[in-house]
1. What number of residues within segment 28-83 are within 22 Å of Glu271 (Cβ to Cβ), modelled with pLDDT under 75 and surrounded by fewer than 16 Cβ atoms within 10 Å (Cβ to Cβ)?
2. Check Ile295, Ile342, Ile367, Ile327 and return the single one that is buried (at least 20 other Cβ atoms within 10 Å of the Cβ), more than 29 Å from the chain's Cα centre (by Cα) and in contact (Cβ under 8 Å) with a residue 12 or more places away in the chain.
3. Among the numbered criteria (1) surrounded by fewer than 24 Cβ atoms within 10 Å (Cβ to Cβ); (2) outside any loop (DSSP other than H, G, I, E, B); (3) touching a His at 6+ places or on another chain (Cβ under 7 Å), which single criterion is violated by Thr162?
4. Working only within segment 215-243, note down all residues that are at pLDDT below 95 and at positive phi.
5. Right, Asp91: of a type in the set (D, E, K, R) and surrounded by 18 or more Cβ atoms within 10 Å (Cβ to Cβ) or not?
6. Here is a list of conditions, (1) surrounded by 13 or more Cβ atoms within 10 Å (Cβ to Cβ); (2) touching a residue at least 24 places away in the same chain (Cβ under 8 Å); (3) out of contact with any helix residue (DSSP H, G or I) (no Cβ under 6 Å at 6 or more places or on another chain), and Ser236 meets all of them except one; can you say which number that is?
7. (1) modelled with pLDDT of 95 or more; (2) touching a Ser or Thr at 6+ places or on another chain (Cβ under 8 Å): which one isn't true of Glu285, the others all being true?
8. Name the residue, out of Ala109, Ala198, Ala156, that is more than 18 Å from Gly81 (Cα to Cα) and crowded, with 20+ Cβ neighbours inside 10 Å.
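The values are calculated or read from the model by the stated rules, or taken from the named source; none is laboratory data. Quantities reported herein were computed from a predicted structural model and do not represent experimental measurements. For neighbour counting, all protein chains shown are included, and Cβ atoms are generated from backbone atoms with ideal geometry for every residue, glycine included.
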Amino acid sequence: MTITPILNDKLEIVQFVAIKQDITERKRLEEIVIKAKERMEGELNVAKNIQMSMLPLIFPAFPQREEIDIYASLIPAREVGGDFYDFYFLDDNNICFVVGDVSGKGVPAALMMAVTKTLLKSRAGNDKSTASILTHVNNEIARDNTNYMFITVFIAILDTNTGELVYSNAGHNPSFIINKDRSAITKLTTLHGPVVGAMEEMTYTESRMNINKDDIILAYTDGITEAQNKNEELYSDPRFESLLEKGDYNSPETLTNLIIDSVKTFEDGAEQFDDITVLALQYNEDPHTVESQGISINIKNKLVEITSAIEQFESFGIEYNIPNAIIQKFNIAFDELLNNIISYGYNDEREHTIEVEIELRGERLIIILTDDGVPFNPFKKDPPDTMLSVEERGIGGLGIHIVKSLMDEYDYKRNVDKNIITLVKFNINT
């Protein structure tokens with residue numbers, strides 16, 4: 001209740017006016033606003049968790065692959081953001097890695113980030129040209145880009161056998177090649193096309209170079225160089241390059257952490273201006289020094305042909321001193337997978353060819369099975385519950401479960417009209 005005195009001309013109080021206010025409605029509206037805010041914050045936190053789960057977050061990422069070491073970090077400026085990074089092996093030798101930055105911030109940028117990252121990975125599965133990958137993805141995004149958002153992208157593919165690096169830069173910050181003792185830091189300033197999503201029918205180009213043992217490839221977003229302190233000063237490119245030249249680091253992880261710590265120290269508590277992303281990959285192998293032997297086996301889609309494939313593989317194994325225990329493990333895998341392909345992979349009566357590629361690369365044995373049957377991922381099925389009896393367990397799944405347990409790595413992908421299964425065993429002589 002509010003009480004207000006009424007005065008006359010002599011400033012004497014002649015009466016009081018009391019106004020009674022009912023604040024019930026105001027409190028109800030305030031509670032609605034509070035609950036809506038809490039719900040929005042909760043949903044944004046869920047969105048952040050989903051977005052971060054789309055990124056590779058487990059390091060070391062490939063502990064059994066001594067030829068490379070990779071590390072990355074992303075710090076969004078808001079609950080969700082538009083930066084992203086990704087990396088994945090396209091086959092046993094070639095690793096693709098990418099860093100991107102979507103225009104804008106918040107939920108719209110996060111949605112565009114998810115779409116772009118997915119399109120890039122999908123295309124890279126069938127294409128080892130970074131120029132071709134960007135050309136395809138740009139057309140897909142630009143075609144329905146009604147919000148006129150765009151993405152800067154640095155994408156590269158490294159052949160870990162030869163040291164050849166193929167890369168394209170679509171309007172992104174220049175990346176760096178840093179040699180072991182930092183006597184040479186190469187800035188990759190070439191642009192291979194405009195930002196992705198701005199216009200259809202753009203054709204991107206690519207560059208090729210060979211890197212040396214212990215070289216580090218560094219990619220990042222402009223959240224690094226455009227970070228601001230409380231005086232609105234920029235972190236800047238010169239400061240960044242000086243850090244790369246003089247900073248204390250000896251691995252992708254220490255380099256990534258050094259960069260982020262340096263930026264945070266420079267900001268000195270100021271609000272983060274933009275998403276921050278850093279990815280560093282080190283090449284740990286002498287190019288061309290890994291000895292490699294291989295054979296190709298072609299069989300028809302007949303069960304009797306499985307024996308021929310196994311016999312040829314055993315001959316290869318004996319010739320190159322592959323331990324008998326390893327040969328037997330792959331024989332089990334051959335029998336299970338080829339049996340599945342021949343028995344269930346074709347819906348016609350025609351004769352088909354199944355390709356078996358075998359490569360012994362140092363201590364690593366790689367088998368690639370390629371067929372033109374119906375799309376089918378044998379590794380997708382849930383493993384059987386081996387605690388149940390045979391009757392309770394149901395039919396199928398145990399053979400594939402055994403194959404997965406025998407291999408160090410296994411992978412399936414559909415490449416245009418072919419199924420491709422890759423099996424890998426590391427350190428076969430130990």
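1. Within segment 28-83, residues that are within 22 Å of Glu271 (Cβ to Cβ), modelled with pLDDT under 75 and surrounded by fewer than 16 Cβ atoms within 10 Å (Cβ to Cβ) number 4.
2. Ile342
3. (2)
4. Within segment 215-243, Glu232 is the sole residue that qualifies.
5. no
6. (2)
7. Single failed check for Glu285: (1).
8. Ala156
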